[in-house]
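See structure below.
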Amino acid sequence: MSIVGSSVVAGKFIVQSFPIFLANELRFAVATVVLMPLWLKVEGFSTCNKKELVVIFFQTLLGVFLFNVLMLHGLSKTGAIEAGIITGTLPACTAILAYFILKEKFTRYTGTGVLCAVIGTIFMNITSLSATIHLSTSFVGNLFIVGAVCCEALFIIFGKSLSHRMSALTVSTMVSCFGALLFLPFAVMESQSFAFEEVSATEWGLIVYFGIVVTVLGFLLMQSGLQVISASWAGILTSFLPVTSIILSTFLLAEKITFLQGCGFVFIIGAFYLLSKQQATPQ
(Lines give C-alpha, C1' and ligand atoms only; values in the text may rest on other atoms or scores of the structure.)
Protein backbone atom coordinates (compact mmCIF):
# COMPACT_ATOMS: atom_id res chain seq x y z
CA MET A 1 0.00 0.00 0.00
CA SER A 2 2.97 2.31 0.56
CA ILE A 3 4.05 1.64 -3.03
CA VAL A 4 0.53 2.19 -4.36
CA GLY A 5 0.36 5.40 -2.34
CA SER A 6 3.50 6.63 -4.08
CA SER A 7 1.80 6.00 -7.42
CA VAL A 8 -0.80 8.65 -6.58
CA VAL A 9 1.93 11.30 -6.51
CA ALA A 10 3.70 9.91 -9.59
CA GLY A 11 0.33 9.71 -11.35
CA LYS A 12 -0.18 13.46 -10.94
CA PHE A 13 2.87 13.98 -13.14
CA ILE A 14 2.05 11.20 -15.62
CA VAL A 15 -1.50 12.41 -16.42
CA GLN A 16 0.00 15.76 -17.44
CA SER A 17 1.90 14.00 -20.23
CA PHE A 18 0.02 10.79 -21.12
CA PRO A 19 -3.64 9.95 -21.77
CA ILE A 20 -5.05 7.64 -19.08
CA PHE A 21 -5.52 4.45 -21.13
CA LEU A 22 -2.19 4.82 -22.91
CA ALA A 23 -0.38 5.33 -19.60
CA ASN A 24 -1.98 2.18 -18.16
CA GLU A 25 -1.16 0.18 -21.30
CA LEU A 26 2.50 1.20 -21.15
CA ARG A 27 2.57 0.43 -17.42
CA PHE A 28 1.29 -3.12 -17.87
CA ALA A 29 3.40 -3.68 -20.98
CA VAL A 30 6.53 -2.87 -18.96
CA ALA A 31 5.36 -5.15 -16.15
CA THR A 32 4.68 -8.00 -18.60
CA VAL A 33 8.12 -7.65 -20.20
CA VAL A 34 9.71 -7.88 -16.75
CA LEU A 35 7.54 -10.65 -15.28
CA MET A 36 6.97 -13.01 -18.20
CA PRO A 37 10.60 -14.19 -18.69
CA LEU A 38 11.02 -14.54 -14.92
CA TRP A 39 7.78 -16.51 -14.60
CA LEU A 40 8.64 -18.82 -17.53
CA LYS A 41 12.07 -19.54 -16.05
CA VAL A 42 10.87 -20.14 -12.47
CA GLU A 43 7.43 -21.73 -12.91
CA GLY A 44 6.01 -21.75 -16.45
CA PHE A 45 2.63 -22.75 -17.87
CA SER A 46 2.42 -25.94 -15.84
CA THR A 47 1.35 -23.85 -12.81
CA CYS A 48 -1.84 -22.60 -14.54
CA ASN A 49 -5.13 -24.23 -15.33
CA LYS A 50 -8.10 -22.89 -17.28
CA LYS A 51 -10.35 -22.27 -14.26
CA GLU A 52 -7.73 -20.27 -12.37
CA LEU A 53 -6.91 -18.22 -15.47
CA VAL A 54 -10.59 -17.28 -15.75
CA VAL A 55 -10.56 -16.14 -12.10
CA ILE A 56 -7.43 -14.03 -12.70
CA PHE A 57 -9.01 -12.53 -15.83
CA PHE A 58 -12.06 -11.40 -13.88
CA GLN A 59 -9.80 -10.17 -11.07
CA THR A 60 -7.97 -8.00 -13.63
CA LEU A 61 -11.17 -6.92 -15.40
CA LEU A 62 -12.76 -5.75 -12.15
CA GLY A 63 -9.86 -4.55 -10.00
CA VAL A 64 -7.65 -3.07 -12.72
CA PHE A 65 -9.65 -2.15 -15.83
CA LEU A 66 -13.17 -1.38 -14.55
CA PHE A 67 -11.79 0.23 -11.39
CA ASN A 68 -9.90 2.78 -13.50
CA VAL A 69 -12.82 3.37 -15.88
CA LEU A 70 -15.43 3.77 -13.13
CA MET A 71 -13.19 5.96 -10.98
CA LEU A 72 -12.35 8.28 -13.87
CA HIS A 73 -15.99 8.63 -14.94
CA GLY A 74 -17.07 9.08 -11.33
CA LEU A 75 -14.54 11.84 -10.67
CA SER A 76 -15.71 13.65 -13.82
CA LYS A 77 -19.29 13.74 -12.52
CA THR A 78 -18.99 14.19 -8.76
CA GLY A 79 -16.96 16.18 -6.25
CA ALA A 80 -13.58 15.14 -4.88
CA ILE A 81 -14.93 15.27 -1.32
CA GLU A 82 -17.74 12.79 -2.05
CA ALA A 83 -15.31 10.57 -3.97
CA GLY A 84 -12.91 10.62 -1.02
CA ILE A 85 -15.67 9.71 1.44
CA ILE A 86 -16.92 6.84 -0.74
CA THR A 87 -13.44 5.42 -1.41
CA GLY A 88 -12.87 5.52 2.33
CA THR A 89 -15.40 2.70 2.68
CA LEU A 90 -13.08 0.24 0.88
CA PRO A 91 -12.04 -1.55 4.13
CA ALA A 92 -15.70 -2.06 5.10
CA CYS A 93 -16.68 -3.19 1.60
CA THR A 94 -13.81 -5.70 1.53
CA ALA A 95 -14.69 -7.07 4.99
CA ILE A 96 -18.37 -7.50 4.06
CA LEU A 97 -17.57 -9.29 0.79
CA ALA A 98 -14.98 -11.47 2.54
CA TYR A 99 -17.61 -12.48 5.10
CA PHE A 100 -20.15 -13.53 2.47
CA ILE A 101 -17.86 -14.87 -0.28
CA LEU A 102 -14.88 -16.29 1.63
CA LYS A 103 -16.77 -17.05 4.88
CA GLU A 104 -14.16 -15.17 6.91
CA LYS A 105 -14.96 -14.64 10.60
CA PHE A 106 -15.96 -11.13 11.63
CA THR A 107 -14.46 -10.66 15.10
CA ARG A 108 -14.70 -7.61 17.37
CA TYR A 109 -11.13 -6.73 16.42
CA THR A 110 -12.04 -6.89 12.73
CA GLY A 111 -15.18 -4.81 13.20
CA THR A 112 -13.43 -2.11 15.25
CA GLY A 113 -10.43 -2.15 12.92
CA VAL A 114 -12.69 -1.66 9.88
CA LEU A 115 -14.44 1.25 11.61
CA CYS A 116 -11.13 2.94 12.49
CA ALA A 117 -9.77 2.40 8.98
CA VAL A 118 -12.92 3.82 7.35
CA ILE A 119 -12.95 6.92 9.58
CA GLY A 120 -9.22 7.43 9.13
CA THR A 121 -9.34 7.03 5.35
CA ILE A 122 -12.29 9.43 5.02
CA PHE A 123 -10.47 12.04 7.12
CA MET A 124 -7.36 11.54 4.99
CA ASN A 125 -9.38 12.30 1.86
CA ILE A 126 -10.97 15.48 3.24
CA THR A 127 -8.65 18.44 2.80
CA SER A 128 -10.36 20.79 5.24
CA LEU A 129 -13.31 20.99 7.58
CA SER A 130 -14.93 23.77 5.59
CA ALA A 131 -14.69 21.74 2.38
CA THR A 132 -17.13 19.20 3.73
CA ILE A 133 -19.89 21.82 3.65
CA HIS A 134 -19.68 22.30 -0.11
CA LEU A 135 -20.76 18.96 -1.50
CA SER A 136 -21.91 18.51 -5.07
CA THR A 137 -24.86 16.26 -5.73
CA SER A 138 -24.24 13.86 -8.59
CA PHE A 139 -26.00 10.58 -7.93
CA VAL A 140 -24.65 8.96 -11.11
CA GLY A 141 -21.09 10.06 -10.35
CA ASN A 142 -21.33 8.71 -6.83
CA LEU A 143 -22.63 5.39 -8.19
CA PHE A 144 -19.55 5.16 -10.43
CA ILE A 145 -17.29 5.67 -7.39
CA VAL A 146 -19.25 3.03 -5.42
CA GLY A 147 -18.79 0.65 -8.34
CA ALA A 148 -15.04 1.36 -8.38
CA VAL A 149 -14.79 0.62 -4.65
CA CYS A 150 -16.65 -2.68 -5.09
CA CYS A 151 -14.34 -3.63 -7.98
CA GLU A 152 -11.25 -2.93 -5.87
CA ALA A 153 -12.67 -4.95 -2.98
CA LEU A 154 -13.34 -7.86 -5.35
CA PHE A 155 -9.75 -7.60 -6.59
CA ILE A 156 -8.61 -8.37 -3.03
CA ILE A 157 -11.22 -11.13 -2.65
CA PHE A 158 -10.14 -12.86 -5.87
CA GLY A 159 -6.49 -12.48 -4.87
CA LYS A 160 -7.17 -14.12 -1.52
CA SER A 161 -9.09 -16.99 -3.15
CA LEU A 162 -6.06 -17.69 -5.37
CA SER A 163 -3.40 -17.19 -2.70
CA HIS A 164 -3.26 -20.83 -1.56
CA ARG A 165 -3.51 -22.33 -5.05
CA MET A 166 -1.18 -20.14 -7.13
CA SER A 167 2.08 -18.36 -6.38
CA ALA A 168 2.33 -14.60 -6.12
CA LEU A 169 4.58 -14.63 -9.21
CA THR A 170 2.01 -16.47 -11.33
CA VAL A 171 -0.90 -14.24 -10.30
CA SER A 172 1.12 -11.04 -10.77
CA THR A 173 2.30 -12.14 -14.22
CA MET A 174 -1.16 -13.09 -15.42
CA VAL A 175 -2.72 -9.88 -14.04
CA SER A 176 -0.10 -7.85 -15.92
CA CYS A 177 -0.71 -9.75 -19.17
CA PHE A 178 -4.49 -9.42 -18.93
CA GLY A 179 -4.14 -5.75 -17.96
CA ALA A 180 -2.07 -5.06 -21.08
CA LEU A 181 -4.65 -6.84 -23.26
CA LEU A 182 -7.66 -5.03 -21.76
CA PHE A 183 -6.17 -1.54 -22.11
CA LEU A 184 -4.67 -2.17 -25.57
CA PRO A 185 -7.65 -1.22 -27.85
CA PHE A 186 -8.25 2.07 -26.02
CA ALA A 187 -4.53 2.83 -25.84
CA VAL A 188 -4.19 2.33 -29.61
CA MET A 189 -6.96 4.91 -30.21
CA GLU A 190 -5.32 7.42 -27.88
CA SER A 191 -1.86 6.84 -29.37
CA GLN A 192 -2.99 7.91 -32.85
CA SER A 193 -3.10 11.55 -31.78
CA PHE A 194 -0.33 11.41 -29.18
CA ALA A 195 3.07 13.02 -29.77
CA PHE A 196 5.51 10.43 -28.42
CA GLU A 197 8.50 12.52 -29.52
CA GLU A 198 7.57 15.25 -27.02
CA VAL A 199 7.80 12.92 -24.00
CA SER A 200 10.86 13.64 -21.85
CA ALA A 201 13.22 11.07 -20.35
CA THR A 202 11.84 11.87 -16.88
CA GLU A 203 8.27 11.14 -18.02
CA TRP A 204 9.35 7.83 -19.55
CA GLY A 205 11.11 7.11 -16.27
CA LEU A 206 7.80 7.55 -14.42
CA ILE A 207 6.19 5.00 -16.75
CA VAL A 208 9.00 2.56 -15.98
CA TYR A 209 8.52 3.27 -12.25
CA PHE A 210 4.81 2.52 -12.59
CA GLY A 211 5.54 -0.68 -14.48
CA ILE A 212 8.33 -2.13 -12.35
CA VAL A 213 7.81 -0.75 -8.84
CA VAL A 214 4.06 -0.09 -8.60
CA THR A 215 2.88 -3.01 -10.75
CA VAL A 216 5.52 -5.74 -10.48
CA LEU A 217 6.72 -5.17 -6.91
CA GLY A 218 3.34 -3.91 -5.64
CA PHE A 219 1.41 -6.91 -6.97
CA LEU A 220 4.03 -9.40 -5.78
CA LEU A 221 4.01 -7.97 -2.26
CA MET A 222 0.22 -7.79 -2.06
CA GLN A 223 -0.33 -11.31 -3.37
CA SER A 224 2.35 -12.65 -1.02
CA GLY A 225 0.68 -10.88 1.88
CA LEU A 226 -2.69 -12.41 1.03
CA GLN A 227 -1.14 -15.83 1.54
CA VAL A 228 -0.69 -14.93 5.22
CA ILE A 229 -3.49 -12.56 6.27
CA SER A 230 -7.25 -12.50 5.66
CA ALA A 231 -8.91 -10.44 2.94
CA SER A 232 -10.65 -8.39 5.65
CA TRP A 233 -7.35 -7.29 7.14
CA ALA A 234 -5.89 -6.67 3.70
CA GLY A 235 -8.83 -4.31 3.16
CA ILE A 236 -8.02 -2.52 6.42
CA LEU A 237 -4.37 -2.17 5.39
CA THR A 238 -5.47 -0.32 2.23
CA SER A 239 -6.08 2.61 4.57
CA PHE A 240 -2.30 3.16 4.57
CA LEU A 241 -2.45 4.17 0.89
CA PRO A 242 -3.54 7.80 1.51
CA VAL A 243 -1.01 8.11 4.35
CA THR A 244 1.86 7.48 1.95
CA SER A 245 0.42 9.66 -0.82
CA ILE A 246 -0.12 12.58 1.58
CA ILE A 247 3.38 12.31 3.10
CA LEU A 248 4.98 12.21 -0.35
CA SER A 249 2.75 15.06 -1.57
CA THR A 250 4.00 17.13 1.35
CA PHE A 251 7.65 16.63 0.41
CA LEU A 252 7.42 16.49 -3.40
CA LEU A 253 4.41 18.68 -4.21
CA ALA A 254 4.66 21.12 -1.27
CA GLU A 255 1.13 20.30 -0.13
CA LYS A 256 0.21 20.84 3.54
CA ILE A 257 -1.18 18.20 5.90
CA THR A 258 -4.49 19.39 7.39
CA PHE A 259 -5.80 18.86 10.90
CA LEU A 260 -8.39 16.32 9.69
CA GLN A 261 -5.73 14.35 7.84
CA GLY A 262 -3.70 14.23 11.05
CA CYS A 263 -6.78 12.89 12.87
CA GLY A 264 -7.20 10.33 10.12
CA PHE A 265 -3.64 9.15 10.62
CA VAL A 266 -4.38 8.54 14.33
CA PHE A 267 -7.43 6.39 13.45
CA ILE A 268 -5.39 4.40 10.92
CA ILE A 269 -2.68 3.74 13.50
CA GLY A 270 -5.50 2.54 15.78
CA ALA A 271 -6.61 0.10 13.08
CA PHE A 272 -3.05 -1.23 12.79
CA TYR A 273 -2.87 -1.65 16.56
CA LEU A 274 -6.05 -3.74 16.43
CA LEU A 275 -4.51 -5.75 13.60
CA SER A 276 -1.55 -6.61 15.83
CA LYS A 277 -3.93 -7.64 18.61
CA GLN A 278 -5.91 -9.80 16.15
CA GLN A 279 -2.78 -11.51 14.85
CA ALA A 280 -1.69 -12.26 18.42
CA THR A 281 -5.01 -13.89 19.25
CA PRO A 282 -5.08 -17.72 18.80
CA GLN A 283 -7.39 -18.67 15.92
Rounded to the nearest 10 Å², the accessible area of Phe67 using a 1.4 Å probe with every protein chain kept is 50 Å²
Which one is right for this structure if semi-axes √(5λ) of the Cα gyration tensor in Å is calculated from it: (1) 34, 23, 17; (2) 76, 27, 21; (3) 28, 26, 17?
(3)
Projecting each Cα onto the charge dipole of the chain (Lys/Arg +1, Asp/Glu -1 at the beta carbon, about the Cα centre), which of Phe196, Phe21, Phe178 comes out farthest on the positive side?
Phe178
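For the chain, which whole percent of the accessible surface, found with a 1.4 angstrom probe, sits on carbon and sulfur atoms? It would help to have the intermediate numbers written out before the result.
Working: 9950 of 13760 Å².
Roughly 72 percent, rounded to a whole number.
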Membrane-span-like helices in the chain: DSSP H runs reaching 20 Å or more (Cα, own axis), mean Kyte hydropathy at least -0.5?
20-42, 108-125, 139-162, 168-191, 259-280
In whole angstrom, the spacing between the Cα centers of segment 26-80 and segment 226-252 equals 19 Å
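Using a 1.4 angstrom probe with every protein chain in place, what is the largest-first accessible-area order of Lys77, Lys105, Lys277? Let's see the in-between values first.
Numbers: Lys77 105, Lys105 165, Lys277 80 Å².
Putting Lys77, Lys105, Lys277 in descending order of accessible area: Lys105, Lys77, Lys277.
For segment 34-106, what number results from the quotient of the Cα radius of gyration and 2.2 N^0.38 Å? It would help to have the intermediate numbers written out before the result.
Values: Rg = 17.2 Å, N = 73, 2.2 N^0.38 = 11.2 Å.
That ratio works out to 1.53.
In whole Å and largest first, what semi-axes does the C-alpha gyration tensor of segment 121-241 yield when each eigenvalue is scaled by 5 and square-rooted?
Details: eigenvalues 144, 138, 49 Å².
Largest first, segment 121-241 gives 27, 26, 16 Å.
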Mind grabbing the accessible area of Trp233 for me, 1.4 Å probe, Å², rounded to tens?
10 Å²
Ranked by accessible surface with a 1.4 Å probe, highest first, in what order do Tyr273, Tyr209, Tyr99 come?
Tyr273, Tyr99, Tyr209
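The values are calculated or read from the model by the stated rules, or taken from the named source; none is laboratory data. Predicted model only: the values in this text are computed from it and were never measured. Note: ideal-geometry Cβ built from the backbone for every residue, glycine included; neighbour counts use all protein chains shown. In case anyone asks, the SASA skips ligands and DNA or RNA and just uses the protein heavy atoms, side chains included. Shrake-Rupley method; radii C 1.70, N 1.55, O 1.52, S 1.80 Å.
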